[in-house]
1. Looking at the structure I just gave you, is Ile520 at pLDDT 90 or above and either crowded, with 16+ Cβ neighbours inside 10 Å or at negative phi (or both)?
2. Do you know which residues across region 303-326 are among the hydroxyl-bearing types (Ser, Thr, Tyr) and touching a residue at least 40 places away in the same chain (Cβ under 8 Å)?
3. State all residues of region 343-373 that are out of contact with any Phe, Trp or Tyr (no Cβ under 9 Å at 6 or more places or on another chain) and assigned to a strand (DSSP E or B); if no residue qualifies, say none.
4. Condition test on Thr352, is it surrounded by fewer than 17 Cβ atoms within 10 Å (Cβ to Cβ), modelled with pLDDT of 95 or more and within 18 Å of Thr460 (Cα to Cα)?
5. Could you please tell me which pairs satisfy a Cβ distance under 7 Å, a separation of 6+ or placement on different chains, a first residue in region 27-38 that is surrounded by fewer than 23 Cβ atoms within 10 Å (Cβ to Cβ), and a second residue that is hydrophobic (A, V, I, L, M, F, W, C) and part of a loop (DSSP other than H, G, I, E, B)?
6. Can you tell me which residues in region 183-210 are outside any strand (DSSP E or B) and within 26 Å of the chain's Cα centre (by Cα)?
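The values are calculated or read from the model by the stated rules, or taken from the named source; none is laboratory data. These numbers were taken from a predicted model, which means no experiment stands behind them. Reconstructed Cβ throughout: ideal geometry from the backbone, glycine too, with neighbour counts over all protein chains shown.
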Amino acid sequence: MLPPCPLLALPIQDISQTVVTAPRASRTATTPGISEQLITGEELAKTGERSLPRAIAKASGLFVQETNLGGGAPIVRGLIGNQILIVVDGVRLNDGTTRGGPNQSLNGIDPTNVERVEIVRGPGAVLYGSDALGGAILIWTRNRAPLARDKEGTRAVQGELGVDANTAAEGAREYGSLSVATEDVGVLAGGSFQDWQMLHSGKGEVQNTGYHGQSWYASGDIQLGERRSLRASAMRTRDFEVPRSDRMNTGYGQTQPSDAENYFTLQDRARYLVAYNDSAQGFSDAMQARLSLREYTENRRIRARGSTTRRLEQDSTETVGVGMDWRKALGDSQLLTWGVDADYDDVDSTRTNVNINTGAATSAVGSFAPGSSYLSSGVFLRDELFDVGPFDITAGLRYSYYEFQFDDTANPGQTIDGNFDAFTGSLQAATDVAEGVRVTATIAQAFRAPNLSELARNATFNSGTELPNPDLDPEQSLYEELALDMRREAWSWSLGLYHNAIQDIVGRRLVSDPTPGGPIGDETYVRENTGDLDLFGIETRYQRKLGGVDSPYSLGAYLEYTYGKQYDDDIAAFDDQPASKIPPFHGNVSLSYEPSQPIRNLGWLQLSFLFATSQNRLSPGDLGDPRIDKNGTDGWTRVDLDFGGPVGEVGSGASWNIGLHNLFDEDYRVHGSGIDAPGVGVVAGLRLTL
């Protein structure tokens, strides 16, 4: 019999931490090391990267595609866009308008407000419902705990000021915060400004890349008793004049850009959350209830090359969400976690056409059909069993229900509606085959319900125009994984092999090509279920202390390879072909030095080697994408040197960091990206704690 699991005694909010953790986000005893990765805010800051997507990519090895400087879409186990779920403080960021391809959702989170990031590789449908086919990225924001829960002995009033500069993007981010804590109340407020000019790649200046923005956040934490607390938070980020670089710069297979103008003139995201935590003994050992409101407004200014019509478009999405999680230990060998959640999206979309010569303006139908709404909901149960023979076992089951509605523009006065539902299950078993050696097997179902971007939205993309289809079926997958973990005093190694079979992938079918064989950009497509997708992959992570467990030197490595194929029984040209946007074999190796005490104000140093091999396996869709070279994407290597430490004596409250990135000025493009990667550059940061 195993001793009582230490997780059983933990409240939802560990009193040594300032971040609220939902019960469903807790790590199970069967979670393999390769599948979940924790990155602290300090580790993100040490990367020296200017955006949250880039910092996550460097700190974790995750492959991130950038269509423009204001984007950054993670590719997790071969999947991207709305097949990856982003969750902020227990609340899903994905909504009914989240685009299927690369998007800027992750870049809309202020990195200076991030406490930690957890990357969950593999499906998370049982816990989170739709969209988590490839994995989930859980982001926890900063919070100030009341002094009753603060074990660090920090001051009641604290302030922070900082700046991060980046020469390769000709810009900087300035940030600051102030927090106040009493015995039972903690309050934190802060914000940042960012201004990026022109990106410099290994080839030189990259046109149409700069933008600016701002962020504000605040949170309050009230201790209601020994095991009860209430947290309220508000966050708002606003980015202005973000260029769609790939639409305004000439791409592969083009003689001129697609658009003369294409800007996200405003990306305004506001998120409000109230979370009640109760870990008093009773009906459950731990409970969290959440009420959230999210608002997203996106304004666009678009004019096609050679056109006199400027389109001014606005999409506004308001989402109200509720969620509750419970956790209960049944003796020493069983742990139940269950919960419910629901989110309702209301979408308003407008468009105005302006003649740039006369100034005449006319109204037109917006991107989304009028009256668009989307409901997502579900209930789940997760059961952890310890010491079942030689195994620990985790089983999960979820029922999800989705509903949509919008006005039928072809038949005024009528509406189009529909719904999707699904049961998804998962089973995971882990066993110790030797001391410090653990094997885990996983089988899991997942699904993704078509959202309003596919059901009710007319849109333009690199190859032309896409039309919606309200008769789509959900994507469904069956996932298998075998993982190995080995741990010793001075090193650890994790390995994962996985297969993800996805049916009824939502894609595009060509319905009109005015100039067959001509320039890319004038085709018309319709959204349809276009076949199946098979993904196979291997990932490994290795960490070692060099010279003993107390040595200041350490080595880290991460490698990933994904192989994907798509199948289509209706269109031979798309059958048995490479899957779209699959990353090449890639990874990173780092050598770190961090002495127990700073040496002449040097507190840490890291040398990083990042690489990707060439990717010549292109899907038919990749061949029509101006962001991707028709001959394939070349391999690349990049070397970074980052170091930093305290200013003055340790504990002075000031720290610095400097990064020399892409030291050899490698000229390269990350596969699928719409811009070349930054060339050689210097990053510098200074932070003062008051």
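1. Spelling it out, it is not the case that Ile520 is at pLDDT 90 or above and either crowded, with 16+ Cβ neighbours inside 10 Å or at negative phi (or both).
2. Ser307, Thr308, Thr309, Thr317, Thr319
3. Listed by number, the residues that qualify are Thr350, Arg351, Thr352, Asn353, Val354, Asn355, Ala361, Thr362, Ser363, Ala364, Val365.
4. Answer is yes for this residue.
5. Ala29/Cys5
6. Gln197, Met198, Asn208, Thr209, Gly210
Okay, residues lined up against (1) of a type in the set (Gly, Ala, Ser); (2) part of a loop (DSSP other than H, G, I, E, B); (3) modelled with pLDDT of 95 or more:
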| position | (1), (2), (3) |
| --- | --- |
| Met1 | no, yes, no |
| Pro4 | no, yes, no |
| Leu8 | no, no, no |
| Pro11 | no, yes, no |
| Ile15 | no, yes, no |
| Val19 | no, yes, no |
| Ala29 | yes, yes, no |
| Glu49 | no, yes, yes |
| Ala57 | yes, no, yes |
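Listed here are the residues, each with its yes/no results for (1) of a type in the set (Lys, Arg); (2) in a helix (DSSP H, G or I); (3) more than 11 Å from the chain's Cα centre (by Cα).
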{"position": "Asn107", "(1), (2), (3)": "no, yes, no"}
{"position": "Glu115", "(1), (2), (3)": "no, no, yes"}
{"position": "Ile119", "(1), (2), (3)": "no, no, no"}
{"position": "Pro123", "(1), (2), (3)": "no, no, yes"}
{"position": "Asp131", "(1), (2), (3)": "no, no, yes"}
{"position": "Ala145", "(1), (2), (3)": "no, no, yes"}
{"position": "Ala148", "(1), (2), (3)": "no, yes, yes"}
